[in-house]
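What follows is a single structure, written as structure tokens, with notes after it.
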Amino acid sequence: MRTDCRAEKPGMVPPPPGEESQTVILPPGWQSYLSPQGRRYYVNTATNETTWERPSSSPGISASPGTHRSSLPPAVNGYHASGTPAHPPETAHMSLRKSTGDSQNLGSSSPSKKQSKENTMTINCVTFPHPDTMPEQQLLKPTEWSYCDYFWADKKDPQGNGTVAGFELLLQKQLKGKQMQKEMSEFIRERIKIEEEYAKNLAKLSQNSLAAQEEGSLGEAWAQVKKSLADEAEVHLKFSAKLHSEVEKPLMNFRENFKKDMKKCDHHIADLRKQLASRYASVEKARKALTERQRDLEMKTQQLEIKLSNKTEEDIKKARRKSTQAGDDLMRCVDLYNQAQSKWFEEMVTTTLELERLEVERVEMIRQHLCQYTQLRHETDMFNQSTVEPVDQLLRKVDPAKDRELWVREHKTGNIRPVDMEI
């Protein structure tokens, strides 16, 4: 079965056979969008599942018989929890492509190639709709600045002459987030050291003997001041211990294997991109071969017009067979290219949505632990305040007259005053 490889009109997606006049009603939670090549796909907004096939409103019943559904729950590294690949098998893409009846990307003959070039443009082996002929596409998440909508193209590397893939920028964002998380943990560790050193100095100062001979109610208040330092030292030691267990350690240990997981994810998408580049090279090679075969056929046809001979007619038959074979080879290469690009597209949607979820999770985790830091800080202030309350109470009881009375009673030498000397 040969797939029709003509290019579609930008932004127009033909409905499945028999549904031209029917209104398509999707099940709850499903929305339809257009891929960068103008091909319609469907997304479950609750589970981030993507599929080329229109989902059925009745569970377990396919909306388009004869096609294979591509179920794509969120996955990292290209694999689900069961260990199976996160993209459908090769046969699924074949079935999807044949059911749609379009090539969406590259033409396979000269007229189709010309039409495709008018409607599409290829950048770094990825085929995009031409901006002059394709209207603006509908975004997957129109109300959000989502990863899955804005990282399809490559970006010029500011540090060199090359380019950086959009997916690579997302990975760099994830790894930078991991580094920021680590540095926050180190910052909290430095805060803990300050608390521990402060507590140590407070405890040491509380044992100082300065002004220890103060007497009376003021002496009691002074002793309580020194005791409050020891109590405050204990408060700061507990604060530092809680910072370690409830803030620093969780920040440091969150996603311990994150870099390793991101590396696997990078390799998975990079392998799909390499496969796409290989398929594109095959298309160009087949296109060149077809051009040469057509040129050879044209030359032999001109020779036949000049001189009729059995040998020339036989050469023309051979040239025509080779030209037809070259055309078939080009169509096969285009079909394989489109399969590779569809697989890359599906994995990009799934993986970028997963990276977006991971980033939201990371930010929320850090926010919660920083809130815990502020909560512990408020508690520490409250406990510190409680250590000085006894001092306030004793200071309010300081009575200079009473202190003087007590001191005089203890140290008096006599209450008989001197009188004048008599002659």
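With N set to the residue count of segment 114-190, report its C-alpha Rg divided by 2.2 N^0.38 Å to two decimal places.
Normalised Cα radius of gyration, segment 114-190: 1.58.
Starting from the coordinates of the alpha-carbon atoms of segment 173-301, obtain the Kirkwood hydrodynamic radius over all distinct pairs and give the value in Å to one decimal.
Averaging 1/r across every pair of different Cα atoms and inverting gives 21.3 Å.
Counting only the backbone N, which residues of segment 355-390 are under 15 Å from the spot 7 Å out from the Cα of K141 toward its beta-carbon?
355-364
Collect residues whose amide H, placed 1.01 Å from N in the peptide plane, falls under 5 Å from the amide H of V164; neighbours closer than 5 in sequence don't count.
When sequence neighbours closer than 5 places are left aside, the close amide H contacts are K155, K156, D157.
Mind giving me the nanometre distance, one decimal, between the label points for K318 and E183, set 7 Å out from Cα along Cα→Cβ?
7.0
Would you mind checking which residues have amide H under 5 Å from R40's amide H? H placed 1.01 Å from N; only 5 or more apart, or other chain.
S35
Excluding ligands and nucleic acids, what accessible area in Å² is computed for M299 using a 1.4 Å probe, to the nearest 10?
90
Starting from the Cα-Cα distance between A281 and E298, subtract it from 0.36 nm times their residue separation and give me the gain in nm to one decimal.
3.5 nm is the gain from fully extending A281 to E298.
For segment 292-423, what does the alpha-carbon gyration tensor say about shape, rounded, prolate or oblate, given a ≥ b ≥ c as the root eigenvalues, a/c under 1.5 as rounded, and a/b over b/c as prolate?
Prolate.
Provide, as a two-decimal number, the C-alpha radius of gyration of segment 231-275 over 2.2 N^0.38 Å, N being how many residues it has.
Working it through for segment 231-275, the quotient is 2.15.
State the percentage of accessible surface on segment 220-271 attributable to carbon and sulfur atoms; use a 1.4 Å probe and exclude ligands, DNA and RNA.
On segment 220-271, the fraction of accessible area on carbon and sulfur atoms equals 54 percent.
Considering only protein heavy atoms, with the full assembly of protein chains and a 1.4 angstrom probe, order I416, I123 by accessible area, largest first.
I416, I123
The values are calculated or read from the model by the stated rules, or taken from the named source; none is laboratory data. These figures come from a predicted structure and were not determined experimentally. For neighbour counting, all protein chains shown are included, and Cβ atoms are generated from backbone atoms with ideal geometry for every residue, glycine included. Remember, those area values only see protein heavy atoms, side chains included, never the ligands or the DNA or RNA. Shrake-Rupley method; radii C 1.70, N 1.55, O 1.52, S 1.80 Å.
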